[in-house]
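Trainee: Supplied in structure tokens, the structure appears directly below.
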Amino acid sequence: MECISHLTPNYARLPVKFVRGEGARLYDEEGKEYIDLLSGIGVNSLGYAHPKLTKAVCEQASKLIHISNLFEVPYQEELAQKLVETSYGRGKGKVFFANSGAEANEALIKLIRKYWRDRGEDRYEIITFKGSFHGRTYGSLSATGQPKLQEGFEPILPGFVYAKFNDIESVKKLISEKTAAILLEVIQGEGGVNPAQGAFMEALYRLTRKAGILLAIDEVQTGNGRTGKYWGFQHYGIVPDLFSTAKGLGGGIPVGALVAKSEIAESLTAGSHGSTFGGNPLAMRAGLVVYEELENGLLNHVTRVGEFFKEGLKSLGVGKVKGKGLMLGLELDKPCKDLVLKGVQKGVVFNCTAQRVLRFLPPLVITQEELERALEILKEILL
Ligand SMILES: Cc1ncc(COP(=O)(O)O)c(C=O)c1O
């Protein structure tokens, strides 16, 4: 019988179907084993079939999966506390829970606008960056500084202007009496694993303080231990006014969050924003397990094996190695799309972004031995 797909054609899928996993290993329908260097694009932070995560999720599923934010939701306060304690400090921030990165960014964009409206100021413009990625919904897509992703979906939302990443002068030129905030990823993920330079982040921070505007950071990909710290901005010694996160937060269970300084978060008054599924008990339990693991040595593990992997990638001598912790990129001098399929054929999973950058976002639990083996395979593919 002819094979007919009933799925929209918006994903260019690889011809492999993973059916289960264990730790940082994946297995396909035939039982073939793969080392996973992608974790479902930075989502499966605890890898696959993690005993504690599995137990907590199963236990919660047997009690209460969803109840609605019309009521107090079990475990929301506990996870919100973790997100605030690891960023602003206990009692100094507040959290809105969503289901994805784009949705967390929608909340972030709305809060920025509402914050200024509440103060009677006509500031609504957000400066974002060329090469950035903030999601596919209209607000987050409008914030995304990549015209190719917006093409065909115009008109995009007004109120976004795009500066050059790591170029403070280009930011200064865009500041006006309409500027509400600056929004950026501290490491542009989809844009090619491009870290912000230290001097740029410091200058950006000072600029926002001087101009009296908000500094917002998209920690969707860099957050929750991915770079070896809870939050990517912690590598730069600065604290944003608000930030979004998602991906690794639920270890595979969809969950996103907006975290803001308390005085800013106050603008999300009762009824001003919401989400049916956001912050359900199942996702909260999963997030709490992720944070328990990060606290119990996983962060240090990420730094240690991340450094090992980075050095290993450098030693291949085939391109520029970029990124922090377990968010690494290898920039080649040629397109890398075909290498992804070669990787799959040889039993290692990674992805290609910005045409020439191999992107590695392994589960945070990956072992040094697994990375050693992955490096051997990468060597075969690349040399
Ligand atoms: C930095 C960043 N922000 C936002 C998003 C969008 O997240 P989601 O796909 O969960 O909507 C992504 C996804 O790749 C991302 O990397």
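The values are calculated or read from the model by the stated rules, or taken from the named source; none is laboratory data. Computed from a predicted structure; not experimentally measured. Note: ideal-geometry Cβ built from the backbone for every residue, glycine included; neighbour counts use all protein chains shown. Each accessible area value is taken on the protein alone, full model and side chains, heavy atoms only, with ligands, DNA and RNA left out. Shrake-Rupley method; radii C 1.70, N 1.55, O 1.52, S 1.80 Å.
Trainee: In this structure, is THR269 modelled with pLDDT of 95 or more, among the hydroxyl-bearing types (Ser, Thr, Tyr), out of contact with any helix residue (DSSP H, G or I) (no Cβ under 8 Å at 6 or more places or on another chain) and over 16 Å from LYS82 (Cα atoms)? Break it down stepwise before answering.
Mentor: Details: modelled with pLDDT of 95 or more: yes; among the hydroxyl-bearing types (Ser, Thr, Tyr): yes; out of contact with any helix residue (DSSP H, G or I) (no Cβ under 8 Å at 6 or more places or on another chain): yes; over 16 Å from LYS82 (Cα atoms): yes.
Criteria met by THR269.
Conditions tested, residue by residue: (1) more than 15 Å from the ligand (Cβ to nearest atom); (2) hydroxyl-bearing (Ser, Thr, Tyr); (3) without any contact (Cβ under 8 Å) to a residue 40 or more places away in the chain; (4) in the same structural domain as ALA286 (by TED's automatic domain parsing).
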site: ILE175; (1), (2), (3), (4): yes, no, no, yes
site: GLY189; (1), (2), (3), (4): no, no, no, yes
site: ALA203; (1), (2), (3), (4): yes, no, yes, yes
site: VAL220; (1), (2), (3), (4): no, no, no, yes
site: PRO240; (1), (2), (3), (4): no, no, yes, yes
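Trainee: So, one more: Assess whether GLY279 counts as being within 16 Å of the ligand (Cβ to nearest atom) and either in a loop (DSSP other than H, G, I, E, B) or of a type outside the set (S, T, N, Q) (or both).
Mentor: Considered against the rule, which asks whether it is within 16 Å of the ligand (Cβ to nearest atom) and either in a loop (DSSP other than H, G, I, E, B) or of a type outside the set (S, T, N, Q) (or both), GLY279 comes out as yes.
Trainee: I'd like the residue in the stretch 242-276 that is assigned to a helix (DSSP H, G or I) and touching a residue at least 40 places away in the same chain (Cβ under 8 Å) and, out of all such residues, is most open to solvent (accessible area, probe 1.4 Å).
Mentor: Selected residue: LYS247.
Trainee: Against the conditions (1) under 23 Å from SER87 (Cβ atoms); (2) among the small types (Gly, Ala, Ser); (3) part of a helix (DSSP H, G or I), where does GLY323 fall short? Just the number, please.
Mentor: That leaves (3) as the condition not met.
Trainee: Let me ask something else. Look at LEU313 and say whether it is in contact (Cβ under 8 Å) with a residue 12 or more places away in the chain and in contact with a Ser or Thr (Cβ under 8 Å, 6 or more places away or on another chain). Spell out how you get there, then give the answer.
Mentor: Working: in contact (Cβ under 8 Å) with a residue 12 or more places away in the chain: yes; in contact with a Ser or Thr (Cβ under 8 Å, 6 or more places away or on another chain): no.
No, not satisfied.
Trainee: Those residues that are touching a helix residue (DSSP H, G or I) at 6+ places or on another chain (Cβ under 8 Å) and closer than 19 Å to ASP122 by Cβ, I need them from the stretch 159-205; list them, please.
Mentor: GLY159, PHE160, VAL161, ILE175, THR179, ALA180, ALA181, ILE182, LEU183
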